[in-house]
Amino acid sequence: MVKKHIFYLGIILFMLAGLTSCKEDAKKSGKSRSIGNSSEILVVVQNEAQWNNDIGKSIKNYFGETQYGLPQDEPLFKLSHVKVSVFNDMFQKHRNIIIVNIDPKVKQSKVEFSKDLWAKPQRVFKITAPSVAEFVKVFNSRKETMMNEFSAAEHERIMTVFRPNNDVKVVEKVIKQFGLKMVLPKGFFVAKSKPGLMWIRKETLSSSQGIIVISVPYKDTLQFSLKSIMSRTDEFLRKYIPGPTEGSWMTTDKKNIPPKARVVTDFFTDYAVEVRGLWRVEHDFMGGPFVSYTFVDWRKNRIVTLFGYVYNPNKKKRDLLKQVEAIIYSTRFAEAGK
């Protein structure tokens, strides 16, 4: 019972520290701290009909789609909406905003993008179009860019909490072995370090988060194929990441939700292959979602995979995975001698 009280007290102190750091950042920038739940988008419409017609449907179908690689259905983003007539100062502080503006007088559709317009971190997209059909057309042409920007705002929000709590000792261990620098808040620790591998974990009474760094010599572009990435990942997981019972080990699930890869260009290396899917423990019953990013470190002619995972049985996992994703996105090449 005492351990539980200490655990919950720790969570409260962590949240308070995060709120304090957000406020300090806001003061420095002269902008209010943005509001909104994790992975939430506010859509500003001119009338309720827009939320229910093809405008709303196109937004819901894309941003409200089930996130791939989670064992339970959870949307990419939670969507809420308000009419422009009540879009006041409070709503303007929302972190992610889409403003719908249908104006029959305009001759050509346009998309206006603003970063940290009313608050920080914040992304605002205003789409002006002469008709519903034109809105849908321009939305579909820009939706991937919008997704990247909203995701970046989520990463920034998480980092305002994590960065002030950065554990320098753990960070230095990653720098020393791989020459990579990432934000690793207190609670994460190095569980294992082997040639070409480091296992970084955070454990609570109810959940587990981890990042596994895997590095091998770079040979050719075939190493970026999904088959090569998964084969390499599974090889290291089997060799170095044991399960809770004797003879068990961590691996990736190829049947229930097969791993899916895509190229991302908003990573710090400008090119990386993202893979999402499920991990499981061979000869045991543990499992959960993972996301990994594979890129080339040309300084040492090696290919690196940052494999992030979450274990949170019988509970939602999207937000915990988003935290791991944000940590991975904070990765940079460490400067020589640092």
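Key figures
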| quantity | calculated |
| --- | --- |
| Number of positions in region 226-237 that are in contact (Cβ under 8 Å) with a residue 24 or more places away in the chain and open to solvent by 50 Å² or more (accessible area, probe 1.4 Å) | 1 |
| For LYS219: the one exception among (1) closer than 19 Å to ARG280 by Cβ; (2) assigned to a loop (DSSP other than H, G, I, E, B) | (1) |
| Residue satisfying all of: in region 61-82; among the charged types (D, E, K, R) and out of contact with any strand residue (DSSP E or B) (no Cβ under 6 Å at 6 or more places or on another chain); least open to solvent (accessible area, probe 1.4 Å) among these | GLU74 |
| Residue check for GLU246: under 21 Å from HIS283 (Cα atoms), charged (D, E, K, R) and out of contact with any strand residue (DSSP E or B) (no Cβ under 7 Å at 6 or more places or on another chain) | yes |
| Candidate set from region 126-157 (those that are among the hydrophobic types (A, V, I, L, M, F, W, C) and touching a Ser or Thr at 6+ places or on another chain (Cβ under 8 Å)); member that is nearest to ASP270 (Cα to Cα) | ALA153 |
| Some residue of region 127-149 being open to solvent by less than 30 Å² (accessible area, probe 1.4 Å), of a type outside the set (Phe, Trp, Tyr) and touching an Asp or Glu at 6+ places or on another chain (Cβ under 7 Å) | yes |
| Residues located in region 240-269, provided they are open to solvent by less than 30 Å² (accessible area, probe 1.4 Å) and part of a loop (DSSP other than H, G, I, E, B) | ILE241, GLY243, SER248, ASP253, PRO259, PHE267 |
| From ARG276, ARG280, residue being under 19 Å from GLN223 (Cα atoms), among the basic types (Lys, Arg), buried (at least 16 other Cβ atoms within 10 Å of the Cβ) and touching a Gly at 6+ places or on another chain (Cβ under 9 Å) | ARG276 |
| Flag for THR251 being more than 22 Å from TYR311 (Cα to Cα), in contact with a helix residue (DSSP H, G or I) (Cβ under 6 Å, 6 or more places away or on another chain), touching a residue at least 12 places away in the same chain (Cβ under 8 Å) and of a type in the set (Ser, Thr, Tyr) | no |
| Qualifying residue in region 283-294 (condition: farther than 11 Å from LEU70 by Cβ and in contact with a Gly (Cβ under 6 Å, 6 or more places away or on another chain)) | yes |
| Cβ-Cβ under 9 Å pairs, at least 6 apart or on other chains, region 83-102 side without any contact (Cβ under 8 Å) to a residue 40 or more places away in the chain, far side surrounded by fewer than 18 Cβ atoms within 10 Å (Cβ to Cβ) and acidic (Asp, Glu) | LYS83/GLU48 |
| Single unsatisfied condition, PHE295 versus (1) without any contact (Cβ under 8 Å) to a residue 40 or more places away in the chain; (2) open to solvent by 20 Å² or more (accessible area, probe 1.4 Å); (3) under 27 Å from ASP270 (Cβ atoms) | (2) |
| Every pair of residues 6+ apart whose Cβ atoms lie under 6 Å, when the first sits in region 48-75 and is closer than 29 Å to ALA129 by Cα while the second is of a type in the set (Gly, Ala, Ser) | PRO75/GLY64 |
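The values are calculated or read from the model by the stated rules, or taken from the named source; none is laboratory data. None of these values were measured; they are calculated from a predicted model. Note: ideal-geometry Cβ built from the backbone for every residue, glycine included; neighbour counts use all protein chains shown. Accessible surface is based on the protein model in full, side chains and every heavy atom, while ligands, DNA and RNA are left aside. Shrake-Rupley method; radii C 1.70, N 1.55, O 1.52, S 1.80 Å.
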